[in-house]
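> For reference, the structure I am asking about is given below.
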Protein chains: 2
Amino acid sequence: MDVSQDVTIHNAPGRAEALMRKMWGGRGVFTCTIGSTLTSTIPGVSDAGDTPELTLYTPSADVELLVHGRTICMDGIPINPGGIPTPATVTMAALSLSGMPFHIINGGVKVLPNIPYFDVGGQCGRDIRSGDAVSNVDECYQRGVILGDMLSRSHDFLVASESCAGGTTTALAVLRAMGMIEENLVSSSSPNNPKELKDSIVSEALKAAGIEFGDLRDDPLKAIACVGDPMMPANVGLVVGAARRIPVILGGGTQMTAVLAAALALDPSIERNIMVGTTRWMINDPNSDIVRIVRSIGDLPVAAINLDYSDSPHDGLRAYERGYIKEGVGCGGSSIAAVLHSAGAVNVKSLLQRIHSDYERIMGMD
Amino acid sequence: MDVSQDVTIHNAPGRAEALMRKMWGGRGVFTCTIGSTLTSTIPGVSDAGDTPELTLYTPSADVELLVHGRTICMDGIPINPGGIPTPATVTMAALSLSGMPFHIINGGVKVLPNIPYFDVGGQCGRDIRSGDAVSNVDECYQRGVILGDMLSRSHDFLVASESCAGGTTTALAVLRAMGMIEENLVSSSSPNNPKELKDSIVSEALKAAGIEFGDLRDDPLKAIACVGDPMMPANVGLVVGAARRIPVILGGGTQMTAVLAAALALDPSIERNIMVGTTRWMINDPNSDIVRIVRSIGDLPVAAINLDYSDSPHDGLRAYERGYIKEGVGCGGSSIAAVLHSAGAVNVKSLLQRIHSDYERIMGMD
């Protein structure tokens with residue numbers, strides 16, 4: 001196994017290497033858990049959609065893209081203001097090149113996707129400033145555990161990921177409720193990370209819920225119920241249920257660190273099977289620090305796929321190099337998993353080729 | 001491979017043997033697609049529940065039993081009048097002994113199960129006497145195909161099954177709409193098969209839909225939309241999507257023959273990968289004839305698990321020998337699959353032991 005050209009390790013290299021050897025050539029399964037929170041419609045919070053209202057369509061449009069190669073619930077693919085395409089364009093390439101099986105989990109969305117999906121009984125989340133953000137948390141978590149266990153019987157490793165607009169704000173709130181890290185190090189799909197707005201929303205949310213920093217260190221499900229989003233309970237359960245038996249890549253940016261913190265608090269024994277899988281763009285982001293957040297949770301491996309759009313002929317893709325998007329829909333985790341699942345037959349070069357041909361087809365350039 | 005003690009072949013023995021060799025020791029996955037049709041609440045039609053109204057709880061209670069080992073949506077396990085336990089008690093044993101992964105698909109039920117399940121956009125079905133029985137048929141079928149394809153990437157064979165009360169009546173209607181077989185050979189979970197009632201309901205349904213015998217030979221989805229039930233579209237899609245790549249056991253009694261006929265009409269190329277898997281009780285039923293129905297569709301293998309409750313100390317189980325229940329929830333198919341998946345480590349003897357210990361636990365006898 002030599003993945004040094006394609007994957008860079010940014011924490012716990014020994015454990016990362018051992019886990020990747022275990023996954024090499026094995027049967028992987030990719031999952032993406034979708035959720036909506038009305039927090040994403042607060043103007044300025046989320047750029048994961050052309051307008052605040054369209055952020056509620058983004059999760060379902062993303063997974064329709066993965067399943068059908070086109071969107072159904074809305075016209076065109078999800079874009080950030082300025083026309084920069086969803087990271088699902090990367091995930092699509094990783095899944096189709098590798099042939100890896102994948103399943104979508106509905107943690108609770110406002111707009112249902114036109115695909116077969118796992119339902120776990122979740123609902124769209126409320127604005128976290130209510131201090132009462134998510135319903136049915138225990139139930140969704142328990143069903144996630146069952147699902148993770150079931151998928152771990154059929155596969156050698158699993159990727160957990162998310163599409164949930166507004167999710168870095170809810171992640172910051174959960175990380176603070178659990179006392180993981182005080183500093184605001186979460187990322188944004190915009191290079192102009194609205195840190196002050198996120199801080200003020202999170203403060204208001206924690207105050208409304210009567211939570212001080214670290215109060216819910218041992219009760220992550222309560223933290224999620226108060227100030228999280230509906231992507232979290234199902235995904236935390238999925239990670240716990242699967243990682244008891246097989247390696248799990250938490251695919252994503254700083255949103256997934258809240259899932260990571262909650263899963264490890266609920267079952268510390270899974271630590272040996274956990275790796276964070278993200279992108280070079282996320283690692284290079286000057287306005288966030290995923291590695292420091294992960295280290296605040298545990299000394300866990302962080303791997304990044306070396307995708308680089310500097311030489312892309314398309315401005316929408318080169319924008320990733322200027323700090324737009326960077327992560328989401330498990331684009332980093334699915335790319336790393338594609339390399340491992342295919343035992344290196346898929347690599348950064350073939351991924352870049354496929355991303356470009358897919359992008360040109362979707363944008364009607366071909 | 002020697003399964004002669006455990007499995008008996010009742011049609012196309014050469015193809016059965018070849019398919020079973022292909023599945024022997026492979027990674028199986030069991031699925032059960034649930035659905036409700038208001039047809040089951042017509043008094044006298046269905047005994048799959050203690051009362052006509054309880055037949056609407058049976059599918060969800062059955063799959064809760066598989067996932068949790070107990071029911072949540074109702075008290076106690078589904079029983080026929082007289083206290084005879086659901087065939088899910090057999091499926092439970094097959095799944096737990098073999099450790100085979102399994103997934104539940106919600107084709108469209110009245111009462112949602114408290115488990116994670118695949119949603120395909122289906123709804124509870126209407127009384128078939130309306131001639132307009134099932135909504136969203138094309139959509140559910142297409143999503144079933146996607147799901148079958150996805151599961152075929154991760155597994156070496158798949159079992160498709162059903163829990164849908166009233167389903168032999170809807171199956172008879174679809175078989176007649178497709179012109180498969182005129183005679184009423186479908187079974188019943190009661191030894192007193194209400195054949196005249198079923199015939200009159202089916203005649204009324206076909207008349208309401210303006211369908212003559214065989215009119216919809218080439219349009220099975222329309223037959224299902226008019227006179228079928230919501231278990232069917234998802235399950236037909238699942239079978240088509242999976243059997244394009246891997247062997248599929250259609251687990252069940254005469255209800256599943258409507259799924260079989262529809263799947264083969266939609267994609268005849270899957271024939272090479274199809275086997276019907278049922279029980280000795282179904283084969284021995286003097287009031288129905290699954291083998292003749294299957295032969296009217298094609299020269300397909302029919303295998304039966306040799307479960308025999310004659311020596312059971314429990315009257316509720318011995319009732320199966322007197323013609324009660326006989327099939328359902330893929331009890332025959334899951335048992336055959338358990339033998340194949342475990343390469344013979346699970347057999348009729350170990351299944352009988354587990355069924356008895358589970359039954360005694362559930363009934364509070366242990």
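> Of all residues in region A:28-50, which are over 30 Å from A:Gly99 (Cα atoms) and touching a helix residue (DSSP H, G or I) at 6+ places or on another chain (Cβ under 7 Å)?
Passing the criteria: A:Thr37, A:Thr39, A:Ser40, A:Thr41, A:Ile42, A:Gly44, A:Val45, A:Ser46.
> In region A:344-366, which residues are exposed (fewer than 13 other Cβ atoms within 10 Å of the Cβ) and at positive phi?
A:Gly364
> Would you mention how many residues in region A:95-111 are away from every other protein chain (no Cβ under 14 Å) and under 15 Å from the mean Cα position of the chain (by Cα)?
Matching residues across region A:95-111 total 0.
> What residue, of A:Gly83, A:Gly25, is modelled with pLDDT under 95, in contact with a helix residue (DSSP H, G or I) (Cβ under 9 Å, 6 or more places away or on another chain) and away from chain B (no Cβ under 14 Å)?
Numbers: A:Gly25 fails: modelled with pLDDT under 95.
The conditions single out A:Gly83.
> Taking interchain pairs and intrachain pairs at least six residues apart, which have beta carbon atoms under 9 angstrom, with the first residue in region A:10-23 and farther than 15 Å from A:Ala243 by Cα and the second outside any helix (DSSP H, G or I) and among the hydroxyl-bearing types (Ser, Thr, Tyr)?
Pairs that qualify, where the first residue is farther than 15 Å from A:Ala243 by Cα and the partner is outside any helix (DSSP H, G or I) and among the hydroxyl-bearing types (Ser, Thr, Tyr), are A:His10/A:Thr278.
> A:Ile72 - would you say it is touching a residue at least 24 places away in the same chain (Cβ under 8 Å) and either of a type in the set (Lys, Arg) or surrounded by 24 or more Cβ atoms within 10 Å (Cβ to Cβ) (or both)?
No, not satisfied.
> Among the listed residues A:Gly298, A:Gly277, identify the single one that is in contact with a strand residue (DSSP E or B) (Cβ under 9 Å, 6 or more places away or on another chain) and crowded, with 24+ Cβ neighbours inside 10 Å.
So the residue among A:Gly298, A:Gly277 that is in contact with a strand residue (DSSP E or B) (Cβ under 9 Å, 6 or more places away or on another chain) and crowded, with 24+ Cβ neighbours inside 10 Å is A:Gly277.
> Looking for something at the interface with another protein chain (Cβ under 9 Å from one of its Cβ atoms), closer than 30 Å to B:Leu65 by Cα and touching a strand residue (DSSP E or B) at 6+ places or on another chain (Cβ under 7 Å) - is there at least one such residue anywhere in region A:119-135?
Checked against the condition, which is being at the interface with another protein chain (Cβ under 9 Å from one of its Cβ atoms), closer than 30 Å to B:Leu65 by Cα and touching a strand residue (DSSP E or B) at 6+ places or on another chain (Cβ under 7 Å), region A:119-135 yields at least one hit.
> Of the numbered conditions (1) in contact with a helix residue (DSSP H, G or I) (Cβ under 6 Å, 6 or more places away or on another chain); (2) surrounded by 24 or more Cβ atoms within 10 Å (Cβ to Cβ); (3) in contact (Cβ under 8 Å) with a residue 60 or more places away in the chain, B:Ala223 fails exactly one; give the number of that condition.
Of (1) in contact with a helix residue (DSSP H, G or I) (Cβ under 6 Å, 6 or more places away or on another chain); (2) surrounded by 24 or more Cβ atoms within 10 Å (Cβ to Cβ); (3) in contact (Cβ under 8 Å) with a residue 60 or more places away in the chain, only one is false for B:Ala223: (3).
> Next up: Kindly indicate whether any position in region B:114-127 is of a type in the set (Lys, Arg), surrounded by fewer than 22 Cβ atoms within 10 Å (Cβ to Cβ), modelled with pLDDT of 95 or more and more than 30 Å from A:Arg27 (Cα to Cα).
For region B:114-127, residues of a type in the set (Lys, Arg), surrounded by fewer than 22 Cβ atoms within 10 Å (Cβ to Cβ), modelled with pLDDT of 95 or more and more than 30 Å from A:Arg27 (Cα to Cα): present.
> I would also like to ask the following. Please go through region B:204-221 and pick out each residue that is closer than 19 Å to B:Leu266 by Cα and touching a Ser or Thr at 6+ places or on another chain (Cβ under 8 Å).
Result: no residue meets the conditions.
> Can you name every residue in region B:213-239 that is part of a helix (DSSP H, G or I) and of a type in the set (Gly, Ala, Ser)?
Within region B:213-239, B:Ala223, B:Ala225, B:Ala234, B:Gly237 meet the criteria.
> Just give me the residues in region A:227-260 being touching a strand residue (DSSP E or B) at 6+ places or on another chain (Cβ under 8 Å) and farther than 23 Å from A:Glu139 by Cβ, in sequence order.
A:Ile246, A:Pro247, A:Ile249, A:Gly251, A:Gly252, A:Gly253, A:Thr257
> Only one of A:Val291, A:Val248 is among the hydrophobic types (A, V, I, L, M, F, W, C) and within 14 Å of the chain's Cα centre (by Cα); which?
A:Val248
> Restricting the search to region B:307-347, which residues are over 20 Å from the mean Cα position of the chain (by Cα) and among the β-branched types (Val, Ile, Thr)?
Hit for region B:307-347 is B:Val346, nothing else.
> Next question, about the same structure. What do you reckon, is A:Val329 of a type in the set (Val, Ile, Thr) and within 19 Å of A:Gly82 (Cβ to Cβ)?
Yes; evaluated as a whole, the condition is true for this residue.
> Collect the residues in region B:143-194 that are assigned to a helix (DSSP H, G or I) and either within 14 Å of the chain's Cα centre (by Cα) or more than 12 Å from chain A (Cβ to nearest Cβ) (or both), keeping them in residue-number order.
Of everything in region B:143-194, those that are assigned to a helix (DSSP H, G or I) and either within 14 Å of the chain's Cα centre (by Cα) or more than 12 Å from chain A (Cβ to nearest Cβ) (or both) turn out to be B:Gly167, B:Thr168, B:Thr169, B:Thr170, B:Ala171, B:Leu172, B:Ala173, B:Val174, B:Leu175, B:Arg176, B:Ala177.
> Checking B:Glu64 against (1) under 30 Å from A:Ser152 (Cβ atoms); (2) crowded, with 24+ Cβ neighbours inside 10 Å; (3) not polar (S, T, N, Q): exactly one of these is not met. Which one?
(2)
The values are calculated or read from the model by the stated rules, or taken from the named source; none is laboratory data. Just so it is clear, the model here is predicted, and its values are computed rather than measured. Glycine gets a Cβ as well: all are built from the backbone with ideal geometry, and neighbour counts include every protein chain shown.
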